[in-house]
């Protein structure tokens with residue numbers, strides 16, 4: 001693999017790592033409904049503001065969310081709503097895996 005390919009793989013891994021946390025998944029799902037500030041996300045997800053901010057920072061670093069400062073408020077939105085397609089595929093994959101583990105499917 002050439003150096004560009006390696007860099008690309010590292011970027012892909014960073015995106016998947018950013019999605020690999022329940023709070024971050026909850027944030028992504030909330031932002032799929034529309035932009036929100038930290039206080040909105042705190043209320044909807046039920047964790048404190050520093051925790052929300054930390055997870056938003058990880059999502060932003062991975063390029064999954066962007067923000068827009070308006071006065072004292074910072075609003076976040078999904079950078080690319082197509083991330084929800086990826087999450088839908090993961091849900092379907094895990095359903096199949098869970099059914100196999102429970103013995104509800106053969107193969």
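The values are calculated or read from the model by the stated rules, or taken from the named source; none is laboratory data. None of the values given here were measured: they were computed from a predicted structure. Neighbour counts are summed over all protein chains in view; Cβ atoms, including those assigned to glycine, are modelled from backbone coordinates with ideal geometry.
Observations on the model:
- Some residue of the stretch 54-69 being within 14 Å of the chain's Cα centre (by Cα) and assigned to a strand (DSSP E or B): yes
- Selection from the stretch 31-44 of residues that are buried (at least 17 other Cβ atoms within 10 Å of the Cβ) and touching a residue at least 40 places away in the same chain (Cβ under 8 Å): 31, 36
- Residue that is in contact (Cβ under 8 Å) with a residue 24 or more places away in the chain, surrounded by 15 or more Cβ atoms within 10 Å (Cβ to Cβ) and farther than 15 Å from residue 78 by Cβ, where the choices are 47, 28, 65: 47
- Picking from residues in the stretch 70-89 that are assigned to a helix (DSSP H, G or I) and free of Cβ contacts under 8 Å to residues at least 60 places away in the same chain, the one that is surrounded by the most Cβ atoms within 10 Å (Cβ to Cβ) is 84.
- Looking only at residues of the stretch 52-62 that are touching a helix residue (DSSP H, G or I) at 6+ places or on another chain (Cβ under 8 Å) and more than 11 Å from residue 27 (Cα to Cα), we find that the one that is surrounded by the fewest Cβ atoms within 10 Å (Cβ to Cβ) is 61.
For every residue, the table says whether it meets (1) out of contact with any strand residue (DSSP E or B) (no Cβ under 7 Å at 6 or more places or on another chain); (2) at pLDDT 95 or above.
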| site | (1), (2) |
| --- | --- |
| 4 | yes, no |
| 10 | yes, no |
| 32 | no, yes |
| 58 | yes, yes |
| 65 | no, yes |
| 68 | no, yes |
| 73 | no, no |
| 76 | no, yes |
| 81 | yes, no |
